[in-house]
Amino acid sequence: MSSQTAPLATLESIQSAVKATVPAERLADMLAFADAFYARLPEEELALRSAEVWAAIAVSNRAFADQREAGQAKIRVFNPGAADGFDGGHSVVQIVNDDMSFLVDSVGIALAKHGLSSHGMVHPVFPVTRDAHGKLSSVGQGPAESLIHLEVDRQASAEDMQA
């Protein structure tokens, strides 16, 4: 590894990066979320980015997943930038949904319909607890939810992202 290459990310280094960026009052929640979010991501995938970028992606997904109506899919498409802490030159699709069969297949079909290629995906499924208003209150107990963080071909306009 050259001296210019960022160290390979591990779950431990991602936790350290989260600790360096998240306020103390949100830290325990964010660490639990990041652990669950990356639990099934292979080491080879983790090695593709720095711990700081993975931490920023987890923080972004946690913020997006914070509020969700029961039984409703929540979807966001955006072009990340410096303020997000990550930008790989792709557009990002974030999805939070009740866990169910064929979600990844359905997303793949939707991408193909729009002629888009996938450039990476994190797709954890883990239990969460939400209050009566849909606010995420804890990770590790409750019904399973599916979170999908997908990077696709860069979309140039709001109309393209809406489609």
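The values are calculated or read from the model by the stated rules, or taken from the named source; none is laboratory data. These numbers come from a predicted model, not from an experiment. As a convention, Cβ positions derive from the backbone with ideal geometry for all residues, glycine included, and neighbour counts pool all protein chains shown. Only protein heavy atoms, including side chains, enter the accessible area calculation; ligands, DNA and RNA are left aside. Shrake-Rupley method; radii C 1.70, N 1.55, O 1.52, S 1.80 Å.
Numerical summary
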{"read-out": "Debye intensity ratio I(q)/I(0), log10, region 7-83, q values 0.27 Å⁻¹ (C-alpha model)", "value": "-1.31"}
{"read-out": "Spin-label model distance (nm) - E69 vs A158, 7 Å beyond Cα toward Cβ", "value": "2.2 nm"}
{"read-out": "D_trans [Stokes-Einstein, Kirkwood Rh over alpha-carbon pairs] for the chain, 37 °C, 0.692 mPa s, µm² s⁻¹", "value": "199 µm²/s"}
{"read-out": "Accessible surface, per residue, of region 2-106 when the full set of protein chains is kept, probe 1.4 Å, Å²", "value": "55 Å²"}
{"read-out": "Share of carbon and sulfur in the accessible heavy-atom surface of the chain [1.4 Å probe, %]", "value": "55 percent"}
{"read-out": "Normalised contact order of the chain, rounded percent, pairs of Cα under 8 Å and 6 or more residues apart", "value": "23 percent"}
{"read-out": "Of the DSSP H helices in the chain, those whose Cα atoms cover at least 18 Å axially and whose Kyte score averages -1.0 or more", "value": "24-38, 51-65"}
{"read-out": "Nitroxide proxy distance, nm - points 7 Å out along Cα→Cβ at D105 and L11", "value": "2.9 nm"}
{"read-out": "Within straight-line cross-link reach of K135, lysines at Cα separation under 24 Å, skipping those fewer than 8 residues along the same chain", "value": "K19, K74"}
